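We did not get these values from a lab; they are worked out from the coordinates using the rules stated. Note that the coordinates shown come from a computational prediction; the quantities given were computed from them, not determined experimentally. Here the Cβ positions follow ideal geometry from the backbone for every residue, glycine too, while neighbour counts run over all protein chains shown.
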Amino acid sequence: MAGLESLVEELNRSYRELQESMSDPEVYNDHRQAAEIGKRLKELEAAYKLGQAWQQALDDLAAARGDAELAEMVGDYELEAARLEEELKLSLAPRDPADDKDVILEVRQGVGGDEAALFASDLARMFQRYAERRGFKWEELEVSPTEGGGIKEGTWAIKGDGAYSVYKFEGGTHRVQRVPETESQGRIHTSTATVAVMPEAEDVDVAINEVDLKIDVYRSSGPGGQSVNTTDSAVRITHLPTGIVVAMQDERSQLQNREKAMRVLRARIYEAERERQAAEQAAVRKAQVGTGERAEKIRTYNYPENRVTDHRVKLTVYRLDQVLQGDLEEFTETLAADERREALEAGGL
């Protein structure tokens, strides 16, 4: 309790100092500084209000314990104080510094041939609809379609306030169980698609030296390998120090393909640096994607039962049709709460 009280005192002090700074004419006239302070105030606001409510609940509880007429209310006050304390702890859990960033999202077909490619396309559509529900901007960077109407792999950018905090839980192997349209016997097949989610890095986040880049240009090709452009507009960039390779060919302009490739390259380098700083044994991106085997999964989509199960938090819903339309909020909220609890336990609160 004492530790939480000191955290709330520090929170109150920080919040008041930021409010005072906003009243400073020098800050008010510096739009960049005012925006930064305003953003920080917004980040602290929910925890600050919970801290105020928790302290008031403790005062009410102490008053009830010392007043015979209010004795019967003690139980209610204890429950309210405990509820607010739990909410307050969750709000004070350390945040991932990348949570506010935009997202680079990659989807690839896994095990299952054409059915896996179709499922990869279904997932991409689901993520796009989720972006629309959240008011995020969805931008296609590169997609390699298959002749059967699926996608071999695709890369998209998602822009919006807190986009990474929402999409980061989608990284991993997704598994589908359904009867393919080509299956005459009505047998259920299991296929997979893999998803990688990375914060989009700004120039200030990642310093890339031009001498570390090997840039190749070539002619774009369609799904069947035929040339679809008469100029060398496709671009492949290799970052020599890390060995990361990004290729783009969707745009007709070599410059546009290069710009898109650099965005993806920055995101991958930034993510690799985050992994190194966190001293993780395996790269987060590889851990997310895995091998694409059927046994590795974060979520299962079962068509016959209209069921979706997230295996990380043991959450199952029977509305697959709605989930595929982008109704992912329940999964995001449950996974985010689980992440905050883990952060709290790690922090000893």
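The angle separating the long axis of helix 329-347 from the principal Cα axis of greatest extent in the chain is about 60 degrees. Using only alpha carbons, region 77-119 has a radius of gyration to Kirkwood radius ratio (Rg to Rh) of 1.42. Take 136-146, 122-132 and order them by the average number of nearby Cβ atoms within 10 Å per residue, most first; the result is 122-132, 136-146. Taking amide H atoms as placed 1.01 Å from N in the peptide plane, the amide H of SER220 lies under 5 Å from those of VAL228, ASN229, SER233, ALA234, each 5 or more residues away in sequence or on another chain. When each of the peptides 253-266, 164-177 is scored by the mean number of other C-beta atoms lying within 10 Å of its residues, the order from highest to lowest reads 164-177, 253-266.
For GLU142, the residues whose amide H sits under 5 Å from its own are THR155, ignoring neighbours fewer than 5 places away on the same chain, with H placed 1.01 Å from N. Across the alpha-carbon atoms of region 79-207, the computed radius of gyration and Dmax are 18.5, 61 angstrom.
Under a model in which nothing but the beta-carbon of Lys, Arg (+1) and Asp, Glu (-1) is charged, the chain shows a dipole of about 1720 debye around its Cα centre. The calculated FRET efficiency for ILE208 paired with GLU330, based on their beta-carbon distance and R0 = 35 Å, is about 0.35.
Estimated from helices alone, the mean residue ellipticity of the chain at 222 nm is -15000 deg cm²/dmol (sum of -39500 (n - 2.57) over DSSP H runs with n ≥ 4, per residue). To the nearest Å, what is the center-to-center distance of region 103-147 and region 172-215, using C-alpha atoms only? Taking the Cα centre of region 172-215 as reference, the centre of region 103-147 is 8 Å away.
Residue-wise HN-Hα couplings along region 87-99, as the Karplus relation 6.51 cos²θ - 1.76 cosθ + 1.60 with θ = phi - 60° gives them from phi, are 4, 5, 4, 4, 6, 8, 4, x, 9, 5, x, 8, 4 Hz; Gly and Pro carry x.
Rounded to the nearest whole angstrom, the semi-axes of the ellipsoid equivalent to the chain, taken from the Cα gyration tensor as √(5λ), stand at 44, 29, 16, largest first. Across region 69-85, rounded Karplus estimates of 3J(HN,Hα) from the backbone phi angles (6.51 cos²θ - 1.76 cosθ + 1.60, θ = phi - 60°) give 5, 9, 4, 5, 8, 4, x, 5, 5, 5, 4, 5, 5, 5, 4, 5, 4 Hz, Gly and Pro being marked x. Taken one residue at a time, the phi angles of region 149-154 give Karplus couplings (6.51, -1.76, 1.60, θ = phi - 60°) of x, x, 10, 6, 7, x Hz. Gly and Pro are set to x.
Normalised by 2.2 N^0.38 Å, where N is the number of residues, the alpha-carbon radius of gyration of region 2-92 equals 1.40. Relative contact order, whole percent, for the chain stands at 16, derived from Cα pairs under 8 Å and 6 or more residues apart. Once you put a point 7 Å from the Cα of ARG252 and another 7 Å from the Cα of MET22, both along the Cβ direction, what distance in nm separates them? In this crude spin-label approximation the distance works out to 4.9 nm.
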